[in-house]
2 protein chains.
Amino acid sequence: MAASAPGPVRVGFIGLGIMGRPMARNILRAGFPLVVQSRSLGPVKKLVVAGARAAGDPAEVAATSDVVIVMVPDTADVEAVLDGPRGLLAGARAGLIVVDMGTHDPSALVALAERCAEVGADLLDAPVSGGEVGAREATLSIMVGGSEAALERARPVLAAMGSRIIHIGGTGAGMVAKACNQLVVGSTIQAVAEALALARAAGVDAARVRDALLGGFAASRVLEVHGLRMLERDFTPGGRVAIHEKDARIILETARHAGVDLPGFRPVADAFRRLMDRGGGDLDHSALITLLEPDPPLD
Amino acid sequence: MAASAPGPVRVGFIGLGIMGRPMARNILRAGFPLVVQSRSLGPVKKLVVAGARAAGDPAEVAATSDVVIVMVPDTADVEAVLDGPRGLLAGARAGLIVVDMGTHDPSALVALAERCAEVGADLLDAPVSGGEVGAREATLSIMVGGSEAALERARPVLAAMGSRIIHIGGTGAGMVAKACNQLVVGSTIQAVAEALALARAAGVDAARVRDALLGGFAASRVLEVHGLRMLERDFTPGGRVAIHEKDARIILETARHAGVDLPGFRPVADAFRRLMDRGGGDLDHSALITLLEPDPPLD
């Protein structure tokens, strides 16, 4: 079979956005032959200068790769990349591994994995946390759903982009883990925002409160990092509100599917929506605190 | 003035409950002369065996102490201990320092501090975090509101009970900080509960999800400690639901006073109330997860 051919793993990369560009560069840096495809031509040209080859469409990427990374924004985008007329599946053969690294609806992944299986290809869901900095520094955390065997074959490629690769379970399990991650991060940002806004409104030094809370059970990465951003009014992203708002919709949809109520997260999802509506989509998600203040000042 | 008399600081302790007993013992252990008073006589007798003296009422404690620690459950209890017919104020003199170490309504503290000032006494609010284990091991975090001068005089006594003493601000500021602490802890427990319940309902291994989340921005003390309790179904307290439910009412009242909305914490307060109503008051607060499961099993 083609996938067991000797020589280095040939990698394809589709979607050269803010996250995709540095991830693709790290794959080149690790010495893999790389073919790229993206809607905007600027990033494609830069990768070609750096040593990659450009493909005209996903079908061509599939035909010349062993492992294809897909890093596109929405669930509908992944569906188009895989299942469109010149999509990955049109060029796929047995043994191809497709890795979806964006944050998408777990149930859509299950359907796409079945379509891949029909042509003998494997689909892994492997969403990441760590943001743009983690993408640049190849220190992303990667949560993987799909078969253990496919993960082992794709692992060298994933290891070029991340420092922590965790196999969560079968198809969609990586997306579920990422949804859980975004749920906890969003709710904790809201909790820290409410605590610091309450301290300030009660006439108490919010910085001292944060300091006191870091010593006990209220301690969290969010209290450290996002709590500091709130005190310093620095809402440069970091994690953008627009992304977290999209993730919030996936979280609520996943919960609806699973039959779980999320009474604590629902108002957090509402808050992201309201901040979007006020034009805060490009701010860091710690800007949730501005909704709790008398006259929300947006940058 | 009496307070500047030479010799060791004479300490009074009122309220020998689950937290008060080990705290009082640590004061004795540190070598302070101690007079105690409590509603139940059993704990008083044990402290007397350990070297304390028993007083008949708070007025008598005040008359023979330089610093009096008050560790009683509700705001109404503190008011009774200070302002009742044989309360602390009836026996107080200039220079006395009263330290309220329970978790109470910040605005009530301001009123009590004024009553203390009328007789030349100082009131510090100094609520703690760290629970029964912290009380036993003298590792409590102590959040202090009130005058810097009074804190400096009381500091050696507080240092016998806690390892971290943080001056937050004026009267009531310690209580505000504790309210913020309980807000963040409660909301984070709810967030972790929702994430683990979602993972499980979606057919994913919740333990692996917790493991993955500990490596990123979702990391917190609550995810470590309470997340593990949820996975192991071990709801032995720890922090009791009944206590957190009482604290939730203080948080909401403090927010109402300060004019801050807490959209994220409100459903968490509701959840504590519902768990109480189902007879879960004596469970650890991580038992919030049982409300998210199809058929809540209570121990």
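Structural remarks
Condition check ((1) of a type in the set (S, T, N, Q); (2) within 12 Å of chain A (Cβ to nearest Cβ); (3) in contact (Cβ under 8 Å) with a residue 24 or more places away in the chain) across all residues:
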| site | (1), (2), (3) |
| --- | --- |
| B:Pro106 | no, yes, yes |
| B:Ala117 | no, no, no |
| B:Gly120 | no, no, yes |
| B:Gly131 | no, yes, yes |
| B:Ile142 | no, yes, yes |
| B:Ala150 | no, no, yes |
| B:Gly162 | no, yes, yes |
| B:Ile168 | no, yes, yes |
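- Residue in the stretch A:80-87 that is open to solvent by less than 10 Å² (accessible area, probe 1.4 Å), β-branched (Val, Ile, Thr) and assigned by TED's automatic domain parsing to the domain that holds A:Pro22 present: no
- Any hit, the stretch A:218-228, residues being facing another protein chain (nearest Cβ under 7 Å), surrounded by fewer than 21 Cβ atoms within 10 Å (Cβ to Cβ) and among the charged types (D, E, K, R): yes
- The listed residue being out of contact with any strand residue (DSSP E or B) (no Cβ under 8 Å at 6 or more places or on another chain), more than 28 Å from B:Ala199 (Cβ to Cβ) and surrounded by fewer than 23 Cβ atoms within 10 Å (Cβ to Cβ), out of A:Leu252, A:Leu291: A:Leu291
- So B:Asp270, is it closer than 22 Å to A:Val192 by Cα, part of a helix (DSSP H, G or I) and open to solvent by less than 10 Å² (accessible area, probe 1.4 Å): no
- Within the stretch B:75-96, considering residues that are outside any helix (DSSP H, G or I) and over 14 Å from B:Ala63 (Cβ atoms), the one farthest from the chain's Cα centre (by Cα): B:Pro85
- The condition of being over 27 Å from the mean Cα position of the chain (by Cα) and charged (D, E, K, R) holds for only one of A:Arg210, A:Arg229, that being A:Arg210.
- If you filter the stretch B:35-45 down to residues that are closer than 17 Å to B:Val98 by Cβ and out of contact with any Lys or Arg (no Cβ under 7 Å at 6 or more places or on another chain), you find that the one that is least open to solvent (accessible area, probe 1.4 Å) is B:Val36.
- Qualifying residue in the stretch A:220-229 (condition: touching a residue at least 24 places away in the same chain (Cβ under 8 Å) and basic (Lys, Arg)): yes
- Top-ranked residue of the stretch A:173-187 - restricted to ones that are among the polar types (S, T, N, Q) and touching a Phe, Trp or Tyr at 6+ places or on another chain (Cβ under 8 Å), ranked as farthest from B:Ala199 (Cα to Cα): A:Ser187
- Where A:Met276 falls short, out of the listed (1) farther than 26 Å from B:Gly186 by Cβ; (2) among the hydrophobic types (A, V, I, L, M, F, W, C); (3) open to solvent by less than 10 Å² (accessible area, probe 1.4 Å): (3)
- The residue of the stretch B:173-185 that is nearest to A:Ala212 (Cα to Cα), among those that are more than 8 Å from every other protein chain (Cβ to nearest Cβ) and open to solvent by less than 10 Å² (accessible area, probe 1.4 Å), is B:Gly174.
- A:Ser286 meets all of the listed conditions (1) in a loop (DSSP other than H, G, I, E, B); (2) within 12 Å of another protein chain (Cβ to nearest Cβ) but one, namely (1).
The rows are residues; the columns are (1) open to solvent by 30 Å² or more (accessible area, probe 1.4 Å); (2) touching a residue at least 24 places away in the same chain (Cβ under 8 Å); (3) closer than 28 Å to A:Pro106 by Cβ.
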site	(1), (2), (3)
A:Gly15	no, yes, yes
A:Gly20	no, yes, yes
A:Asn26	no, yes, yes
A:Leu47	no, yes, no
A:Ala50	yes, yes, no
A:Arg53	yes, no, no
A:Ala59	no, yes, yes
A:Asp74	yes, yes, yes
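- Options A:Asp247, A:Asp234: the member that is more than 8 Å from every other protein chain (Cβ to nearest Cβ) and over 26 Å from A:Asp74 (Cβ atoms): A:Asp234
- Helices (runs of 4 or more DSSP H) (entirely within the stretch A:104-222) containing at least 1 residues that are among the polar types (S, T, N, Q) and under 30 Å from B:Val268 (Cβ atoms): A:106-118, A:173-201
- Looking across the stretch A:186-205, the residues that are open to solvent by 10 Å² or more (accessible area, probe 1.4 Å) and more than 7 Å from chain B (Cβ to nearest Cβ) come down to A:Arg200, A:Gly203.
- Condition broken by A:Asp211, with the remaining ones in (1) at the interface with chain B (Cβ under 7 Å from one of its Cβ atoms); (2) buried (at least 18 other Cβ atoms within 10 Å of the Cβ) satisfied: (2)
The values are calculated or read from the model by the stated rules, or taken from the named source; none is laboratory data. Predicted model only: the values in this text are computed from it and were never measured. Please note: Cβ atoms are built from the backbone with ideal geometry, for glycine as well, and neighbour counts cover all protein chains shown. Just the protein is used for accessible areas: all its heavy atoms, side chains included, with ligands, DNA and RNA removed. Shrake-Rupley method; radii C 1.70, N 1.55, O 1.52, S 1.80 Å.
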